[in-house]
1. Can you list residues whose amide H is under 5 Å from Lys146's amide H, if they're 5+ apart or on another chain and H is modeled 1.01 Å from N?
2. Roughly how many percent of the accessible protein surface of the chain is carbon and sulfur, given a 1.4 Å probe and a whole-percent answer?
3. Do any cysteines in the chain lack another Cys Cβ under 4.7 Å, and if so which?
4. For region 118-170, what does the equivalent ellipsoid look like in terms of its semi-axes, each the square root of 5 times an eigenvalue of the Cα gyration tensor, given largest first in whole Å?
5. In bins 5 Å wide, starting from 0, what share of all Cα pairs of the chain does each bin hold, as a percent?
6. Hey, what do the phi angles of region 90-103 turn into as Karplus ³J(HN,Hα) couplings, whole Hz, using 6.51/-1.76/1.60 and θ = phi - 60°, x for Gly and Pro?
7. Under a point spin-label approximation (7 Å from Cα along Cα-to-Cβ), what is the Leu14-Glu127 distance to one decimal in nm?
8. Ranked from highest to lowest mean number of other Cβ atoms within 10 Å per residue, what is the order of the peptides 136-149, 78-91?
Amino acid sequence: LDKHVIYMNSNCRLTLVNVEFDAPTPIYMGSGSKLTLKNSRLKSRRHAIYVGSGAEVTIVNSHLESEKDALYLGTGARLVMTGGSVKGAKQALYAGSESDVLFKGTNVVGSIYTGTRAEVKGAVITEIKKDWYCRGKTEATLKQIKLTGRSTAITASDQCPRELVGCHLEARYTA
């Protein structure tokens, strides 16, 4: 398709099970809508799921892949993802201001951006293309990753606690 497979208006409630979509943005969620996605696969050229302000998403055992940001969350959006994987060529997750994200046993491939007062918990990141810039509250484990940055491999600000396990850091000035 040329745009969206599913376009959810504000306050819409939807459950999708065993679906496979390929579109620029397969699922677009308006403000205040709620989505449950189970045992599915989404492939996108822009965002696998665009989550509007104040919308809520529950994803179970699903795989999301995007040529840009796999998951884009607007201000105050909520996401719980259990199992499966999320892969973004630019970023796996863009979490807007005051959004709340919880990963449980999900393979995260790509970096995470967190806006002001956003909170991301439980991410186990297994691949990042170059360097990682982190701000906001992001509790993540970087596992077996080679981070190469032009000047800095990891840049962290605000409350960005993390654990590095078996990683290789390489940078011109600062690891």
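1. Ile128, His168
2. Details: 3700 of 8540 Å².
About 43 percent, which is the carbon plus sulfur part of the accessible surface.
3. Cys12, Cys167
4. Details: eigenvalues 61, 36, 12 Å².
Those come to 18, 13, 8 Å.
5. 2, 9, 18, 23, 21, 13, 8, 4, 2, 0
6. Calculated HN-Hα couplings, in order: 8, 8, 6, 9, 10, 10, x, 3, 6, 7, 9, 10, 10, 9 Hz.
7. The two pseudo-label positions are separated by 2.8 nm.
8. Numbers: 136-149: 18.4, 78-91: 20.0.
Per-residue mean Cβ counts within 10 Å order the peptides as 78-91, 136-149.
The values are calculated or read from the model by the stated rules, or taken from the named source; none is laboratory data. This structure is a prediction, so every number in the text was calculated from the model and none was measured. Neighbour counts are summed over all protein chains in view; Cβ atoms, including those assigned to glycine, are modelled from backbone coordinates with ideal geometry. Protein only, heavy atoms only, side chains kept; ligands, DNA and RNA dropped before computing areas. Shrake-Rupley method; radii C 1.70, N 1.55, O 1.52, S 1.80 Å.
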